[in-house]
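Undergrad: Take this structure first; my questions come after.
The values are calculated or read from the model by the stated rules, or taken from the named source; none is laboratory data. Worth saying up front: this structure is predicted, and the values here are computed from it rather than measured. Positions of Cβ are generated from backbone atoms using ideal geometry, with glycine treated the same way; all protein chains shown enter the neighbour counts. Remember, those area values only see protein heavy atoms, side chains included, never the ligands or the DNA or RNA. Shrake-Rupley method; radii C 1.70, N 1.55, O 1.52, S 1.80 Å.
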Amino acid sequence: MAHAVAHEGQQHPIRLYLIVWGWLFILSACSYLVDYFQLHGLLRWSLILLFMALKAGLIVAVFMHMAWERLALTCAILLPPLAVLVFVGIMVFEADYTLFTRAEFFGGR
Amino acid sequence: MPDVAPADTQDSMTQPTGWRSLAADWSSDQRAFRSASWGKAMMWIFLLSDTFIFSCFLISYMTVRMSTVVPWPNPSEVFALEIGGTKVPLILIAIMTFVLISSSGTMAMAVNFAYRHDRVRTAVLMLATAVFGATFVGMQAFEWTKLIHEGVRPWENPWGAEQFGSAFFMITGFHGTHVTIGVIFLLLMARKVWRGDFNQQRKGFFTSRKGRWEIVEITGLYWHFVDLVWVFIFALFYLW
């Protein structure tokens, strides 16, 4: 059946999706275990961010087929969100300042 | 703008690859997204704008959490459920995560069968995706009910920083709305697939244009995005 419409759209073996699905389950279980075992500090943050990035990467690359799109579309969609990181940086700076003023002038601890 | 992405015919031999393809596509003066139809490109651009909306929510959550002098409620305890006398941390959220990932899996396979023009399997898998999505929304409604009973409001809660409630309701509420819209979208498209609209070239009710199997992939893009956003919410709001 597949060969009749072989050149339409995104055609990849079902097996690939099942493997990715399996990995998403494993990674989600891992990130849940981070909380279950009450890991703390730098280890916790780095593990959470690592599992998050891996899961997001798998979903975008395979499930959303970004890995097979042309570079023109990939760049147009994936580069602009990087600007969000700058925004995060600005707001970290801002939040630190707010915390400082609250602690210094409003008697917070 | 043509409906379908033009097939690369004889010029595929001379087409540049890699970074040169980027320059060539963008400078072509016709269409930058050669491999994507307008429908797919527009869905991607919409998703990009939605990314910024969710980013703003998550960044404002980060800002209020960093700047409060009152301790932030521990999500691990707030979202714990009592099962058989023991408190299991975050268990409902973990189940919701698995449900949403499963729905992404069935959606990916639905897209695959759609491109093989397998009407029945595509529709069944899309319906399965919709059922998973509805289950997710149901569990979220349960979670909201539980927290509201425990006294969580956008302006106060029994455990700590007031901002917890507003961040929680805003972020999960907006995400839940997206899931709900996705379920409706899935049901509508599954009906079209089931009826055989794309085989019979039946014209759409709103658009009066013939639909194509590609709509399943476009629906899928939206659905995977909803799952993608949950990955970030799960990591940054529930686990952090």
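Undergrad: Would you confirm, using the coordinates I've provided, whether B:Val131 is of a type in the set (A, V, I, L, M), surrounded by fewer than 19 Cβ atoms within 10 Å (Cβ to Cβ), out of contact with any Pro (no Cβ under 9 Å at 6 or more places or on another chain) and farther than 21 Å from B:Met96 by Cα? Write out each step before concluding.
TA: Numbers: of a type in the set (A, V, I, L, M): yes; surrounded by fewer than 19 Cβ atoms within 10 Å (Cβ to Cβ): yes; out of contact with any Pro (no Cβ under 9 Å at 6 or more places or on another chain): yes; farther than 21 Å from B:Met96 by Cα: no.
Answer is no for this residue.
Undergrad: So A:Gln38 fits all but one of (1) within 9 Å of chain B (Cβ to nearest Cβ); (2) on the phi < 0 side of the Ramachandran plot; (3) surrounded by fewer than 16 Cβ atoms within 10 Å (Cβ to Cβ); what number is the exception?
TA: Failing condition for A:Gln38: (2).
Undergrad: Let me ask you something else. Of the residues that make up the stretch A:83-105, is at least one outside any helix (DSSP H, G or I) and surrounded by 12 or more Cβ atoms within 10 Å (Cβ to Cβ)? Lay out the reasoning, then the answer.
TA: Taking the stretch A:83-105 first, the residues outside any helix (DSSP H, G or I) are none.
Taking every residue of the stretch A:83-105 in turn, none turns out to be outside any helix (DSSP H, G or I) and surrounded by 12 or more Cβ atoms within 10 Å (Cβ to Cβ).
Undergrad: Report, ordered by the first and then the second residue, all pairs with beta carbons closer than 6 Å, sequence separation of six or more or different chains, a first member in the stretch B:20-31 that is hydrophobic (A, V, I, L, M, F, W, C), and a second member that is exposed (fewer than 13 other Cβ atoms within 10 Å of the Cβ) and modelled with pLDDT under 85.
TA: The qualifying pairs are B:Ala24/B:Pro16.
Undergrad: Among the numbered criteria (1) touching a residue at least 12 places away in the same chain (Cβ under 8 Å); (2) touching a Pro at 6+ places or on another chain (Cβ under 8 Å); (3) not β-branched (Val, Ile, Thr), which one does B:Ala80 miss?
TA: (1)
Undergrad: Since B:Phe234 meets every condition but one in (1) surrounded by fewer than 18 Cβ atoms within 10 Å (Cβ to Cβ); (2) in a helix (DSSP H, G or I); (3) among the aromatic types (Phe, Trp, Tyr), which condition does it not meet?
TA: If we test B:Phe234 against (1) surrounded by fewer than 18 Cβ atoms within 10 Å (Cβ to Cβ); (2) in a helix (DSSP H, G or I); (3) among the aromatic types (Phe, Trp, Tyr), just (1) comes out false.
Undergrad: Only one of these is more than 9 Å from chain B (Cβ to nearest Cβ) and buried (at least 17 other Cβ atoms within 10 Å of the Cβ): A:Leu50, A:Leu71, A:Leu54. Name it.
TA: A:Leu54
Undergrad: Okay, next question. Would the stretch B:83-103 turn up any residue that is at pLDDT below 90, within 7 Å of another protein chain (Cβ to nearest Cβ) and either farther than 20 Å from B:Tyr238 by Cα or in a helix (DSSP H, G or I) (or both)?
TA: Within the stretch B:83-103, none of the residues are at pLDDT below 90, within 7 Å of another protein chain (Cβ to nearest Cβ) and either farther than 20 Å from B:Tyr238 by Cα or in a helix (DSSP H, G or I) (or both).
Undergrad: Something else: Evaluate the stretch A:55-75: report whether one residue or more is out of contact with any helix residue (DSSP H, G or I) (no Cβ under 9 Å at 6 or more places or on another chain), under 22 Å from A:Cys30 (Cβ atoms) and small (Gly, Ala, Ser).
TA: yes
Undergrad: Follow-up. Quickly run through the stretch B:104-132 and pick out the residues that are more than 10 Å from chain A (Cβ to nearest Cβ) and hydroxyl-bearing (Ser, Thr, Tyr).
TA: B:Thr122, B:Thr129
Undergrad: Mind listing whichever residues of the stretch B:167-210 are small (Gly, Ala, Ser) and either loosely packed, with under 15 Cβ neighbours inside 10 Å or not in a helix (DSSP H, G or I) (or both)? Lay out the reasoning, then the answer.
TA: Filtering the stretch B:167-210 for residues small (Gly, Ala, Ser) gives B:167, B:173, B:176, B:182, B:190, B:196, B:204, B:208.
B:Gly173, B:Gly196, B:Gly204, B:Ser208, listed by residue number.
Undergrad: Restricting attention to the stretch A:56-74, which residues are assigned to a helix (DSSP H, G or I) and over 17 Å from the mean Cα position of the chain (by Cα)?
TA: Initial filter on the stretch A:56-74 (assigned to a helix (DSSP H, G or I)): A:56-63, A:66-68, A:71-74.
Passing the criteria: A:Trp68, A:Leu71, A:Ala72, A:Leu73.
Undergrad: Being among the hydrophobic types (A, V, I, L, M, F, W, C) and over 17 Å from B:Leu186 (Cβ atoms), is that true of even one residue in the stretch B:110-132? Break it down into steps so the answer makes sense when it comes.
TA: Initial filter on the stretch B:110-132 (among the hydrophobic types (A, V, I, L, M, F, W, C)): B:110-111, B:113-114, B:120, B:123-128, B:130-132.
Now narrow it down to the ones that are over 17 Å from B:Leu186 (Cβ atoms): none.
No, every residue in the stretch B:110-132 fails to be among the hydrophobic types (A, V, I, L, M, F, W, C) and over 17 Å from B:Leu186 (Cβ atoms).
Residue-by-condition table, conditions (1) farther than 25 Å from A:Val86 by Cβ; (2) in contact with a Lys or Arg (Cβ under 9 Å, 6 or more places away or on another chain); (3) assigned to a loop (DSSP other than H, G, I, E, B); (4) at pLDDT 85 or above:
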{"residue": "B:Asp29", "(1), (2), (3), (4)": "yes, no, yes, no"}
{"residue": "B:Ser49", "(1), (2), (3), (4)": "no, no, no, yes"}
{"residue": "B:Ile59", "(1), (2), (3), (4)": "no, no, no, yes"}
{"residue": "B:Met62", "(1), (2), (3), (4)": "no, no, no, yes"}
{"residue": "B:Thr106", "(1), (2), (3), (4)": "yes, no, no, yes"}
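Undergrad: Out of B:Met66, B:Met42, I need the residue that is touching a Leu at 6+ places or on another chain (Cβ under 7 Å) and open to solvent by 40 Å² or more (accessible area, probe 1.4 Å). Which one? Steps first, answer last, please.
TA: Values: B:Met42 fails: touching a Leu at 6+ places or on another chain (Cβ under 7 Å).
The conditions single out B:Met66.
Undergrad: Does B:Trp38 fit the bill of being within 8 Å of chain A (Cβ to nearest Cβ), more than 21 Å from B:Ile148 (Cα to Cα) and either basic (Lys, Arg) or touching a residue at least 24 places away in the same chain (Cβ under 8 Å) (or both)?
TA: Details: within 8 Å of chain A (Cβ to nearest Cβ): no; more than 21 Å from B:Ile148 (Cα to Cα): yes; either basic (Lys, Arg) or touching a residue at least 24 places away in the same chain (Cβ under 8 Å) (or both): yes.
Against the criterion (within 8 Å of chain A (Cβ to nearest Cβ), more than 21 Å from B:Ile148 (Cα to Cα) and either basic (Lys, Arg) or touching a residue at least 24 places away in the same chain (Cβ under 8 Å) (or both)), B:Trp38 does not qualify.
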